[in-house]
Amino acid sequence: MSHFQTQLVPPADALRIEAVDFAYGNGHVVFSNLNLSARRGEFVAILGPSGCGKTTLLNLLSGFQQPQAGRLLVDGQATRPELPALGYVFQSPQLFPWLSALENVRFGLRVAADKSFAEQREQALHYLRLVGLEAAAERLPRQLSGGMQQRVALARTLALQPQVLLMDEPFAALDAISRNSMNEETLRLWAELGQTVLFITHDIDEAVFLADRVVVLNIAPGGIHSELAIDLPRPRSNRETRRLPAFLDYRNELMERIGDVMAQSSLLEPLS
Ligand SMILES: Nc1ncnc2c1ncn2[C@@H]1O[C@H](COP(=O)(O)OP(=O)(O)O)[C@@H](O)[C@H]1O
Ligand SMILES: [Mg+2]
């Protein structure tokens, strides 16, 4: 019977947000009737100015916040914080300062109790290698640059092999050069591991460089302003992609849309 059903059910989107309403307790409406989905393996950038609800969106997707209406599905299942399909990378790397890079990556694997200590170390090392940090495995976080710390955080999340990666402005604190190099790194890892990625940023160039599709958020009224498919060839590189005329066209288009978002919100909510 279940065999029959699985044949009829179309493959689920990796992520689905259906008719979600969300307001904070103080009555501040962040989303009303928000609809958004991501196909399996798609790289979606969520772009919007500060205060538009980007972090709120991730908190809803991760199940840390509950919507007043609507549904959030990860791989067809209602989302919740401990869902193993979900991985998070935050703006600050949040490493344990007293643990080496390797031990920070291994830390998340300790919950996977079916692996021996040696197997956990080996798996942690594999992901450190993947982010190019094998040589720094024994260093403490304070002995690593900001970009390297963020790589460790990325390795720690990837080691848990999530199907869906939620990234909340992970490179916003880095200088522009490190950020560009982490952008390239992110695409290389994504091409190798094939997750679905929801990448939140307020950086237009970063959104265009990374994404298959950019979703622009409104500040007020809350929700989606518009979407833009980014049809740039892959693999993308800083040297080539960023100087393509089409890259600049996408960038200019998004600058106009963000300008529109800002203009709308200032009409509704004059600065006090
Ligand atoms: N706990 C909270 N209570 C009330 N309002 C909040 C809370 N957290 C965030 N907000 C408000 O909700 C809006 C969206 O916040 P946030 O999701 O953090 O935006 P972003 O990540 O895009 O900068 C902002 O106007 C913010 O001030
Ligand atoms: Mg935020």
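The values are calculated or read from the model by the stated rules, or taken from the named source; none is laboratory data. Source: prediction; values computed, not measured. Here the Cβ is made from the backbone with ideal geometry for all residues, glycine too, and neighbour counts use every protein chain on show. All accessible areas refer to the heavy atoms of the entire protein, side chains included, with ligands and DNA or RNA removed. Shrake-Rupley method; radii C 1.70, N 1.55, O 1.52, S 1.80 Å.
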Study note, to complete from the structure: Simple SL model, points at 7 angstrom along Cα→Cβ for D231 and R110; separation in nm is 5.1 nm
Exercise for review: Under 15 Å from the Cβ of Q77, count the other residues' Cβ atoms, weight Lys and Arg +1, Asp and Glu -1, and hand me the total.
Suggested key: 0
Exercise for review: Could you point to the residue in N35, G53, F96 farthest towards the positive end of region 16-106's charge dipole, with +1 and -1 charges on the Cβ of Lys/Arg and Asp/Glu respectively?
Suggested key: N35
**Study point:** Taking the convex hull of Cα positions in region 218-259, its mean projected area over all directions (nm²)
**Key:** 3.5 nm²
Review point. Quick one: length gained pulling S266 to W98 fully straight, 0.36 nm per residue minus the C-alpha distance?
Key: 55.9 nm
Exercise for review: Counting only heavy atoms of the protein chains, get the accessible area per residue of the chain (1.4 Å probe) and round it to a whole Å² value.
Suggested key: 50 Å²
Review point. Using all Cα-Cα distances in the chain, what percent lands in each 5 angstrom bin from 0 up to the longest?
Key: 1, 6, 12, 15, 17, 16, 13, 10, 6, 3, 1, 0, 0
Practice item. Calculate the spin-label point distance for E192 paired with S37, positioning each point 7 Å from the Cα along the beta-carbon direction, and give it in nanometres. Key: 3.2 nm
Point to revise | Exposed-loop-free span, longest in the chain, where GluC sites (Glu not before Pro) count as exposed if DSSP calls them loop and at most 16 other C-beta atoms lie within 10 Å | key: 139-272
**Study point:** Gain on full stretching of the segment that runs from E240 to I177 - 0.36 nm per residue minus C-alpha separation
**Key:** 21.2 nm
